[in-house]
Amino acid sequence: MEPRHLRRLSCGVVILSAQRELLLCHVTGQDHWDLPKGGMHPAESTLQAALRETREETGLRLDPRTLLDLGRLDYRPKKDLHLFATLMPRFDVAGLSCESHFSQATTGQQLPEMDGYAWFGFDRIAPACTSKMAAVLCGRLDLAQVLARLLAQMQAQAVEALAA
């Protein structure tokens, strides 16, 4: 495994609903689902990269004040993840779209990185993702605990707003 400082970093957002579900994106041409995530641009912070990648891969424009920093996590031998989490009301995913594209090797056709979106109950995440992503989402992270932290954060912000 590469020393941590030499590994590439991919930044993304774990989008949860109060119904104990996670929003995942289907990777075009693949058999698995993934988080909206990707690499950083020069001079971009991990937060800026996570917000940009989420917007590019889903169309969602997230408020950075709603994000909980989950930190840097081991992912693959040459890549780490820096993840943030947010809580959103469950919504119809039909309005989501991916604006980032890649060129298909055989035809040169431009295809979106992500071609589908769905909410997955916590118990359905592991079989939908790659084994490496499942290890992060179902092992290194405790999504129930992340959800509880987000709910507590939301309540604290509501109390602050009332007191102001």
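So here's what we get for this one:
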read-out	value
Yes/no for H32 being closer than 23 Å to S103 by Cα and out of contact with any Ser or Thr (no Cβ under 8 Å at 6 or more places or on another chain)	no
Positions within the range 1-26 being part of a helix (DSSP H, G or I) and touching a strand residue (DSSP E or B) at 6+ places or on another chain (Cβ under 9 Å), in sequence order	R4
Members of the range 127-151 found to be farther than 25 Å from G39 by Cβ and without any contact (Cβ under 8 Å) to a residue 40 or more places away in the chain, listed by number	P127, D142, Q145, A148
Residue among E57, E53 that alone is over 17 Å from C129 (Cα atoms), modelled with pLDDT of 95 or more and surrounded by 18 or more Cβ atoms within 10 Å (Cβ to Cβ)	E53
Wholly within the range 79-164, strands (runs of 3 or more DSSP E) carrying at least 2 residues that are surrounded by 14 or more Cβ atoms within 10 Å (Cβ to Cβ)	79-87, 110-112, 114-121
Test: residue in the range 136-144 that is among the acidic types (D, E) and modelled with pLDDT of 95 or more	yes
Filter result for the condition that a residue is hydrophobic (A, V, I, L, M, F, W, C), on the phi < 0 side of the Ramachandran plot and modelled with pLDDT under 95, over F122, F84, F102	F102
Tally, over the range 27-66, of residues that are hydroxyl-bearing (S, T, Y), outside any helix (DSSP H, G or I) and in contact with a strand residue (DSSP E or B) (Cβ under 8 Å, 6 or more places away or on another chain)	1
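The values are calculated or read from the model by the stated rules, or taken from the named source; none is laboratory data. Not measured: the values here are computed from a predicted model. Glycine also receives a Cβ, built like all others from the backbone with ideal geometry; neighbour counts cover every protein chain displayed.
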